[in-house]
Amino acid sequence: MDTNQPTMSINGTMVTFTPGQTILEVAWERGIDIPTLCYLKDASPTGACRICLVEVKGARTLVASCAMPAGPGMEVTTDSPEVHRSRRLNIELLLASGNHNCLTCEKNGECKLQDLAYAYGIKEIRFQGQTQQYPKDDSNPLITRDFSRCILCGRCVQACNDLQVNRAIGYGYRGAASKIVTTGDRPYQESDCVFCGQCVEACPVGALTEKKAKGLARSWETKKVRTTCPYCGVGCQMWLHVKAGRIVKVTAVEDAQPNRGMLCVKGRFGYDFVHSPERLTTPLIKGEDGQHHPATWDQALDLVATRLKQIKKKHGANAIAGVSCARSINEDSYNMQKLFRAAIGTNNIDHCARVCHAPTVAGLAASFGSGAMTNSFADFDKARLIFVIGSNITEAHPVAGALVKRAVAKGAQLIVADPRFTGIAESAHIYVPIKVGSDVAFINGLMNVIISEGLQDQAYIDRCTTGYADLVAKVAEYPPSKAARIAGIGVDLLRETARKLASVKPAMLVYTLGITEHTCGVNNVRSTANLQMLLGNVGFECGGVNPLRGQNNVQGACDMGALPGDYPGYQKVENPAARHKFEEAWGVKMPRKNGLMIPQMFEGIEQGEIKALWVFGENLANTEPDIRHVEHCLKSVEFLICNDIFPTETTRFADVIFPAAAWSEDDGTFANSERRVQRVRKAVEPPGQAKPNWWIFREVAGRLGQEWKSKSGQDIWDKEVSELAPLFKGIKYSRLENDGLQWPCPDKNHPGTACMHKEGRFTCGLGNFEALDWTPPAEVPDKKYPLVLSTGRRLYHYHTRTQTGRCGGLNDLLGQETADISLADAAELGVADGDMVRVSSRRGQVMVKARVTRQVPKGLVWMAFHFREGNANWLTNPVYDPISLTAEYKACAVRVEKA
Amino acid sequence: MKRFRQHMLICGGTGCQAAGSVAVKDALVKEIAKQGMADEVAVVETGCNGFCAMGPVMVVYPEGTFYVALEEKDIPELVSEHIVKGRPVERLFYKEPKTKEVIPDMLDIPFFAHQQLIALKNRGILDAESIDEYIARDGYKALAKALTEMTPEQIIAEVKTSGLRGRGGAGFPTGLKWEFCSKSAGEVKYVLCNADEGDPGAFMDRSILEADPHSVVEGMTIAAKAIGSHEGYVYCRAEYPLAVYRLQLAIEQAREYGLLGDNILDTGFAFDLHIYQGAGAFVCGEETALMRSIEGKRGMPRPRPPFPAVAGLWNRPTVLNNVETWANIPQIIQNGGAWYAAIGTEGSKGTKVFALTGHVNNIGLVEVPMGTSLRSIIYDIGGGIPKKHRKFKAVQLGGPSGGCVPEAHLDTLCDYEAIAKVGAIMGSGGMIVMDDSTCMVDMARFFMDFVQEESCGKCTPCREGTRRMLQILEKIVEGHGEPGDLDTLEELAPMIQTSSLCGLGQTGPNPVLSTLRYFRHEYEAHIHDKKCPAKSCVALLEFKVNEEKCKQCGLCFKNCPVDAITWEKKQPAAIHLDKCIKCKTCFENCKFDAID
């Protein structure tokens, strides 16, 4: 027994405990069972259910062990006759409190109340008589609220308030009339509820259930398969509940990194696209009639191989280009880039990081030596100051947003800079409404204040960085008055923000596409790096520069070398040593020059240089700026190949469509935003003849004369990826069973890297300050197009809705695109909320409903790209960051008129 | 201050205002002016005088003449006779209900004569809206002493010496509470006043705030100095508009006089007070719920620890005391803890204010030294039971959290422990006297209904357990009681007491347990004989005229609302059960107890 640790007695046995632990935690740690209905991990104890009561010697009453801190010398009895009597009576009261009829209850078999009734031998319900009952609320598409089964334990309230920090539900009314309510006791869909379903997850009984799962399976009939969420870059761990080849519901993996038992609406309810009848189930070949006709795999694969050979022979390998998929597994991207490099012989391979975080990859690599998020999600709720800039985190990365809100609830300071008053801004201590595209000036202004007030971390700067003198000279050109003017904010607010940032160390910086999707995207990224190095915040837990990757495996697709200048593991194509290594491994000679980035591919098609384009899992026709132009290119390319799970706006133009296995139909890995390589597992069979993508690429490679040995995701990773890329050297499938590993992981005993550039020891040696000038967006408002259009993602949808559009409920929650405009502009235009408006730019126009909202400031219009109808990309401007060729999705000039 | 020949102190407490004191006061002012004596005679509206049953009441000084039940129409006579001619108006004097003795002098009235005022020191004497009058009565002297002559430790030591215990009901030693809080680490600490008086029938705190708001402000400021706090809140229910108004006025006046604010009495000490109006949930009187409510959340209790002295309002160390406790503080500081400790019993020091109500002659607010017997309060001060043919049955102490004390224990002394021993609690001071027309089962049902309605709904035993107890009690009073019901009540009650999260649930079963202890036979009569011995439970009553007792007066016949009674002169009345709606009107009106 550790003599330094305090001790207490439980049931007569002396045990040690750690100060701060509750009696319940100490008992559980010792394997002593204390039942409870209301305890919820990570939430503050409520002591509501009174089932975990124990006897503490000297206490006036029984004591709720979930809420009572263990104390030295305490004498606890966990199951005395009085405790037993009290628990039993409480359980009887709960059983009598509503309609606790197990026969048809969805929770039968996994109901905590049922378990307790069994354990305490309760055979009949003693108390009879009418109790207060509220009608069942079945009015929303996803969550059934059956108040007759509710035991008012409050776990849902804790889950909503303490875990997800959405604060949508609480106790309402009093006494016997008590009920869990939203504000004003309205249905969920008319409340602050964001349908994360954490309340359902937390409900120990059948009061809150997944509507879509109703009647599909009893709890004991399902097989639970752990996997990684197919949506944003947080990489939440989830259980797929599978019965008879169908996913019937999804729950979170408790205690798993990074989500620690949380999911968002898409993760929890966005699984059924997999079983959509619209899935592609057979290879399709475009006939002379212009229609797609079913074909055999051999026909389709042979056709593709033949055409690629012809084009290569006639126009060279560089006439072929490919776009990989950031939503599919690493192993798919690896095989695709390998196909292009080794079998076709070109580096013309890219993927959608181009449209989102390519500036991050380029910018952070230049500043720090590595282009990825420096820290971990585990830091988020421990941080003491978080600076969120250009990130609509609560909608685009809801679980990460929840962690930030949890930090705030625990006392952290939060600064949010964003043109829109986003969801996270509501939690901010300082909200800075910067103008769209003013980031470099704004951050230079912050640094000007920090340096002029001597608030920089000079020791860190001296020890860990280079280029400081140039930075000082440059930011001197951005005095607060000038920076504030460009950013459209007050000078005092700028100063206050700078001082606040410098007041806590370390502080975390989090950004998303508000930083990157600009013609100055790389400069924006490097500005965030400058700021954090200036404050000495890089290389520490709860510090760093933390870009949130948009898609589930966009980090992985980059890691796998689906980039025109990078082999797997960021080994450079232009580095002869790296090339030789891969040439040797793959047994071929490969081109020395970087390939084309996506915008260059389109340019190549227009100029007739690109003859074949292979689009894997992307819907370029909706996602790229200026849809009219993109569709023109897709139409005009000589040979278009698509791998997809659904027909899309892009597959319309394809000559060959390969039906692919979707998420949950194949084994593989994703890498999330925090560089964590996580397992994705097969739970169901692909429909029809659909096949894994890596298999498709392997088959084509075979027809192009290459025999690839790896025959599974695991083969590809263990025998190729991790052998060829030092970053992943220590990562093998056998080590990924639970929470995965964060790269760099150089050897098989390495625990992975939660925080990069430890203590300012940068991957590239010294961190590089870069003196930067602010440049305005390429297209600014004028008389004809007086408003700025900025774009992004909304909570209920993802990408172009190929998945979420086919999930029950999500479309009901958000069924169409809107143009979000300010109250002031709406008044000026005579537009009311819900009116149809015409939004036009120099490139096109859309008809869309106006959503008049306080989130948007005057002069701004905000839209998303989820829907074909009203898609913002009819309007966006195809102008690019010069380094990363990322388009300026966040700023173009538009006009809004009442339709 | 201006001097007057005479002061007419008209009570402006909520009770007297409800009885019409505002109109009486206006009439007085008008009449005095009419007589041209506005410069000689001052009309002062005071806070609650305490003798609410007799309202509107007025004392004329310097004589000390006490007028009761004044009406507007009495005023011209009163002014011309008493003020102009010096002849007090006897018909408006207080008459002792039993002896019919007319008592002109307030302090000769037994209701007042047996009281000792500390917390209520200024009641009925000063204009509650004037800080000058408070200061003239030695107000803020204690604060000056605390700020200029005493260290925080000395203040706490003085309060500890006084033996003052929390007057909200639980009786925790006040000085000890302050000491805990003063020792808690933290720059920011809060001082709170619980003015969320919620017991049915209790109105001590309201009266103090209405009559003497500065005493609370002063007490809280002294505590602020003791624990190092610079901000405080008074949590007062919005149903007390007059209390809120007068307290707000007091706070503003204190700020103006430099008695609150950044630099109190030029000592550099800073403290300010705010009022937070609660929406009237009973549970918000529970300290953790009260603090959550101030934080803007739903007022629901949370488990302790952490205790408020460590982590209270916004998780900062917090001292919370109720109004009466605060009102005692200035005098303890001014006169010394030993002075206070000399009053009372071994374990309970000082005085206690009770809201005396129910079947008692002198309904009102009384303050007595600890150690006074319940009998003395009810009979000497309260004047006993009003209806001649009724007998004392029990007194309910501590409202829904308390218990009843029957005749046999009426000599129990006011003392936290002594009262607990007989199954009741001191509580915040609600004292409801019941005569033998009260059904104790129905009384228990009433309080259980209250507890169930006011349960916050969070913890199982309180929400579900009290609901079941209420169901059983309802069943019994409706005549559907079954033999096992008492066993179930006695099984549920202790479980709810030991398992509930907060005081509301832990004490909720007390009225049932204490009535079971002393009046079990009444429960049994309801269940087994289907009879209500107090003839109170309507469902168990069949009305018939007792022809032997009937004096053939016809009052029942005249009052029956549904013509269910037939009567002819010189004949006993008869009740027709087919028409009777059991409204009890006949029963209550019969002067001869002739209706069974």
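The values are calculated or read from the model by the stated rules, or taken from the named source; none is laboratory data. Keep in mind it's a predicted model, so treat the numbers as computed, not measured. Because the Cβ atoms are built from the backbone with ideal geometry, glycine has one as well, and the counts that use them run over all protein chains shown. Side chains are part of the model used for accessible areas, which takes the heavy atoms of the whole protein and leaves out ligands, DNA and RNA. Shrake-Rupley method; radii C 1.70, N 1.55, O 1.52, S 1.80 Å.
Against the numbered list (1) in a helix (DSSP H, G or I); (2) over 26 Å from B:ARG468 (Cα atoms), A:ALA59 comes up short only at (1).
The set of residues in the stretch A:753-780 that are buried (at least 19 other Cβ atoms within 10 Å of the Cβ) and either out of contact with any helix residue (DSSP H, G or I) (no Cβ under 8 Å at 6 or more places or on another chain) or farther than 21 Å from A:VAL525 by Cα (or both) comprises A:THR753, A:PRO777, A:GLU779. Criterion applied to B:VAL395, B:VAL441, B:VAL451 was being open to solvent by less than 10 Å² (accessible area, probe 1.4 Å), within 14 Å of another protein chain (Cβ to nearest Cβ) and either outside any helix (DSSP H, G or I) or of a type outside the set (Ser, Thr, Tyr) (or both), and the one residue passing it is B:VAL451.
For the stretch A:45-71, which positions are more than 9 Å from chain B (Cβ to nearest Cβ) and open to solvent by 50 Å² or more (accessible area, probe 1.4 Å)? Scanning the stretch A:45-71 gives A:GLU55, A:LYS57, A:GLY58.
Among the residues of the stretch A:861-899, those identified as touching a His at 6+ places or on another chain (Cβ under 7 Å) and open to solvent by 10 Å² or more (accessible area, probe 1.4 Å) are A:PRO878, A:LYS890. The criterion of being touching a helix residue (DSSP H, G or I) at 6+ places or on another chain (Cβ under 7 Å), of a type outside the set (Asp, Glu) and at pLDDT 95 or above holds for A:ALA483. Could you grab the pairs with beta carbons closer than 6 Å, sequence gap of 6+ or different chains, first residue in the stretch A:330-348 and among the aliphatic types (A, V, I, L, M), second one open to solvent by less than 10 Å² (accessible area, probe 1.4 Å)? If the second residue must be open to solvent by less than 10 Å² (accessible area, probe 1.4 Å), the pairs left are A:MET336/A:SER324; A:MET336/A:PHE616; A:MET336/A:PHE697; A:LEU339/A:PHE697; A:LEU339/A:ALA701; A:ALA343/A:ALA701; A:ILE344/A:ILE320. Of everything in the stretch B:486-526 that is among the hydroxyl-bearing types (Ser, Thr, Tyr) and open to solvent by 10 Å² or more (accessible area, probe 1.4 Å), the residue that is farthest from the other protein chains (Cβ to nearest Cβ) is B:TYR518. For the stretch A:154-181, the set of residues classified as assigned to a loop (DSSP other than H, G, I, E, B) and either more than 8 Å from chain B (Cβ to nearest Cβ) or among the basic types (Lys, Arg) (or both) consists of A:GLN164, A:VAL165, A:ASN166, A:ARG167, A:ALA168, A:ARG174, listed by residue number.
Of all residues in the stretch A:780-826, those satisfying the criterion of being in a helix (DSSP H, G or I), under 28 Å from the mean Cα position of the chain (by Cα) and among the aliphatic types (A, V, I, L, M) are A:LEU810, A:LEU813.
For the stretch B:469-553, the helices (runs of 4 or more DSSP H) that sit wholly inside it and include 1 or more residues that are farther than 30 Å from A:VAL56 by Cα and in contact (Cβ under 8 Å) with a residue 60 or more places away in the chain are B:510-524. Flag not set for B:LYS591, criterion: assigned to a loop (DSSP other than H, G, I, E, B) and either crowded, with 18+ Cβ neighbours inside 10 Å or touching a strand residue (DSSP E or B) at 6+ places or on another chain (Cβ under 7 Å) (or both). Only one entry of B:TYR257, B:TYR240, B:TYR235 meets the criterion of being within 19 Å of B:GLY168 (Cβ to Cβ), of a type in the set (Phe, Trp, Tyr) and open to solvent by 20 Å² or more (accessible area, probe 1.4 Å), and that entry is B:TYR240. Taking into account only those residues within the stretch A:677-735 that are more than 26 Å from the chain's Cα centre (by Cα) and of a type in the set (S, T, N, Q), which is farthest from A:ASP559 (Cα to Cα)? Ranking the qualifying residues of the stretch A:677-735, first place goes to A:GLN689. When the stretch B:465-479 is filtered for residues that are surrounded by fewer than 22 Cβ atoms within 10 Å (Cβ to Cβ) and within 11 Å of chain A (Cβ to nearest Cβ), the ones remaining, listed by number, are B:GLN471, B:GLU474, B:LYS475. When A:VAL26 is tested against (1) touching a strand residue (DSSP E or B) at 6+ places or on another chain (Cβ under 7 Å); (2) in a helix (DSSP H, G or I); (3) closer than 25 Å to A:ARG149 by Cα, just one condition goes unmet, and that condition is (3). If you check A:SER722 against the conditions, is it without any contact (Cβ under 8 Å) to a residue 40 or more places away in the chain, open to solvent by less than 30 Å² (accessible area, probe 1.4 Å) and not in a loop (DSSP other than H, G, I, E, B)? So A:SER722 passes the test.
Residue count for the stretch A:498-521 satisfying the condition of being over 21 Å from the mean Cα position of the chain (by Cα), in a helix (DSSP H, G or I) and crowded, with 23+ Cβ neighbours inside 10 Å: 2. If you take the residues in the stretch A:105-116 that are part of a helix (DSSP H, G or I) and away from chain B (no Cβ under 12 Å), which one is surrounded by the fewest Cβ atoms within 10 Å (Cβ to Cβ)? The extreme case among them is A:ASP115.
Residue-by-condition table, conditions (1) on the phi < 0 side of the Ramachandran plot; (2) aliphatic (A, V, I, L, M); (3) touching a Cys at 6+ places or on another chain (Cβ under 8 Å); (4) open to solvent by less than 60 Å² (accessible area, probe 1.4 Å):
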{"position": "A:GLY261", "(1), (2), (3), (4)": "no, no, no, yes"}
{"position": "A:PRO277", "(1), (2), (3), (4)": "yes, no, no, no"}
{"position": "A:PRO283", "(1), (2), (3), (4)": "yes, no, no, yes"}
{"position": "A:GLY287", "(1), (2), (3), (4)": "yes, no, no, yes"}
{"position": "A:THR296", "(1), (2), (3), (4)": "yes, no, no, no"}
{"position": "A:LYS338", "(1), (2), (3), (4)": "yes, no, no, yes"}
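A:ALA372 passes every criterion in (1) closer than 22 Å to A:ARG549 by Cβ; (2) open to solvent by 10 Å² or more (accessible area, probe 1.4 Å); (3) part of a loop (DSSP other than H, G, I, E, B) apart from (2).
Apart from one condition, A:ASN11 fits all of (1) within 14 Å of another protein chain (Cβ to nearest Cβ); (2) at positive phi; (3) open to solvent by 40 Å² or more (accessible area, probe 1.4 Å); (4) at pLDDT 95 or above; the exception is (1).
Only residues that are in a helix (DSSP H, G or I), more than 9 Å from chain B (Cβ to nearest Cβ) and farther than 14 Å from A:GLN114 by Cα: list them for the stretch A:72-104, please. Result: A:PRO81, A:VAL83, A:HIS84. Among the residues of the stretch A:582-597, those identified as open to solvent by less than 70 Å² (accessible area, probe 1.4 Å) and part of a helix (DSSP H, G or I) are A:PHE582, A:GLU583, A:ALA585, A:TRP586.
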